[in-house]
1. I'd like to check something: does the range B:63-77 contain any residue that is in the same structural domain as residue B:233 (by TED's automatic domain parsing), polar (S, T, N, Q) and open to solvent by less than 60 Å² (accessible area, probe 1.4 Å)?
2. Out of all the residues in the range B:20-34, which are within 8 Å of chain A (Cβ to nearest Cβ) and surrounded by fewer than 14 Cβ atoms within 10 Å (Cβ to Cβ)?
3. Any residue that is open to solvent by less than 10 Å² (accessible area, probe 1.4 Å) and of a type in the set (S, T, N, Q) - is there at least one of those in the range B:266-279?
4. Is it the case that the range B:213-223 has a residue that's modelled with pLDDT under 90, in the same structural domain as residue B:287 (by TED's automatic domain parsing), in contact with a Phe, Trp or Tyr (Cβ under 7 Å, 6 or more places away or on another chain) and not charged (D, E, K, R)?
5. Taking residue A:120, is it within 12 Å of chain B (Cβ to nearest Cβ), out of contact with any strand residue (DSSP E or B) (no Cβ under 8 Å at 6 or more places or on another chain) and not hydrophobic (A, V, I, L, M, F, W, C)?
6. Sort out for me the helices (runs of 4 or more DSSP H) sitting completely within the range B:80-193 that have 1 or more residues that are modelled with pLDDT of 95 or more.
7. Considering each residue of the range B:36-47, count those that are within 13 Å of another protein chain (Cβ to nearest Cβ) and surrounded by 15 or more Cβ atoms within 10 Å (Cβ to Cβ), and give that number.
8. Any idea how many residues of the range A:64-81 are within 10 Å of another protein chain (Cβ to nearest Cβ) and open to solvent by less than 50 Å² (accessible area, probe 1.4 Å)?
Amino acid sequence: MSARIVLQAADITRAVTRIAHEIVEANRGGDDLLLLGIPTRGVPLAQRLHAEIRRIEGSDAKAQVGALDVTLYRDDLGSNPTRTPHPTNMPLSIDGMTVVLVDDVLYSGRTIRAALDALSDLGRPRAVRLAVLVDRGHREFPIRADFVGKNLPSSSKERINVRLTEADGDEYVSIEGRAHGEAGTGDGSR
Amino acid sequence: MRHLLSTRDLDLADAIRLLDVAEDMATVSTREVKKLPALRGKTVVNLFFENSTRTRISFEAAAKRLSADVINFSASGSSVAKGESLKDTAQTLAAMGADAVVLRHPSSGAPQSLADSGWIDAGVINAGDGTHEHPTQALLDAFTIRRRMHGAASRGTNLSGVAVTIVGDILHSRVARSNVWLLTTLGAQVTLVAPPTLMPVNMTAWPVEVEYDLDRSLLRTPPSVLMMLRVQAERMSGDFFPNTREYSRRWGLDDERLGRLPEDTIVMHPGPMNRGLEISAAAADSARSTVREQVTNGVSVRMAALYLLLAGERLSPPTPTSRMRATT
């Protein structure tokens, strides 16, 4: 098992800064903007994006940040050990807002599907966008990200680890599994 | 968590996890769409061998908010009244595909028997068995206390330093028993007050203070929580106290005692209340009374219990020692 670091702390910071600029550009400012991090690591990412947007737009920027837990909307609850939900924190009604969902890794798209279900129970946003730090491919739903930190084509046998200071104490993105030369041998690496 | 039979089996981590999940469920209950898809396709049977309205509708509301299907089965007017045994009833429910059975039974230990029997593979929640336990009531009481103490910052906290005084028919009260185990696990100090005739004999194994005089107890340990129990006329086959007026005067929360309580003491009652007997109308309706909050919180706590019992994969074949498992 080999772990290779693909994003260092500085790369993550640059990606967050760029995504913040892209969000502000796409939204034409910070008005009616609600960043919702998906626990666990989407929450600190959303907070960083929010801080960055406030830096860009000035501290009177109206963008808001919160957390949206999707545990209770997952479609795989019955095939895993019981998952403990995380707090949902909604600073205001989502009606009419442009919601930006924020997560660390976009993979099958099932988490985002659950998040869309959760949002529809909370109200009717004007638009829903998706920002992720890493897009690793292998989608199982017709879902794509609007803002991507890094596209990381990967094998489904590999594992992407996102570590953020707020959640883990250190900060990097690494990819592990399937050492060089092992490529294409197929099953059994995890 | 495979079954919820007794608060005595819950360790501190289990208890706090359950209360924290209940916090998440409580936020759902404040939304416009008060429904979650988490238990879609699961069937919850309310199997009630004793009359109960509030506990049954609370479980029913909880199951429905999690999108489970609910079947209500009460013993009166059913095959049980015709003499069917618990075993046959359980096997009937198993054949119908019940995923959880919420059982209330007049015999202490009936839920344990059902859970250990192998008659049915469903998760069993004890909704009150004889004079043994009523775990979801204790959990909702703990949840209510925690919310009054810590407000929005309740998540993850225990009840250390909280003095709880439980007054009334301790002898017959499953609510008191469940609360004793749960509240002490959570770090609270529990004092039980009752007439000597309504106190169990040999309490040495109970982690509590025992008092017979309410006024002396209130003076010696001013409570942060005063929990009044219902005088359960239906369980009193003998004469446990001379008359209700004497009980009310010595062990009831009347207006005079209410006035003497410390300012931030909260008053709890599991309901249904006998106003004028164990609790005065002024006490029941005062701002420090949590009676209505307890009902609201009951739904959240039962949602949490149903979720933790039913949402994860079921281990098959079941192991008798299976506990709540760590999550990812």
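1. no
2. Listed by number, the residues that qualify are B:32, B:33.
3. no
4. From the range B:213-223, those modelled with pLDDT under 90 are none; that's our starting set.
Checking the range B:213-223: not a single residue is modelled with pLDDT under 90, in the same structural domain as residue B:287 (by TED's automatic domain parsing), in contact with a Phe, Trp or Tyr (Cβ under 7 Å, 6 or more places away or on another chain) and not charged (D, E, K, R).
5. Working: within 12 Å of chain B (Cβ to nearest Cβ): yes; out of contact with any strand residue (DSSP E or B) (no Cβ under 8 Å at 6 or more places or on another chain): yes; not hydrophobic (A, V, I, L, M, F, W, C): yes.
Yes.
6. Working: elements: B:86-95, B:110-117, B:135-150, B:174-185.
Hits in the range B:80-193: B:110-117, B:135-150, B:174-185.
7. At the first step, the residues of the range B:36-47 found to be within 13 Å of another protein chain (Cβ to nearest Cβ) are B:36-42.
Next, from what is left, pick out any that are surrounded by 15 or more Cβ atoms within 10 Å (Cβ to Cβ): B:36-39, B:42.
Total satisfying the criteria: 5.
8. Adding up the residues that qualify gives 9.
The values are calculated or read from the model by the stated rules, or taken from the named source; none is laboratory data. Computed from a prediction, not measured in an experiment: that's the story for all the values here. Heads up, the Cβs are rebuilt from the backbone with ideal geometry, glycines too, and the neighbour counts pull from every protein chain shown. Remember, those area values only see protein heavy atoms, side chains included, never the ligands or the DNA or RNA. Shrake-Rupley method; radii C 1.70, N 1.55, O 1.52, S 1.80 Å.
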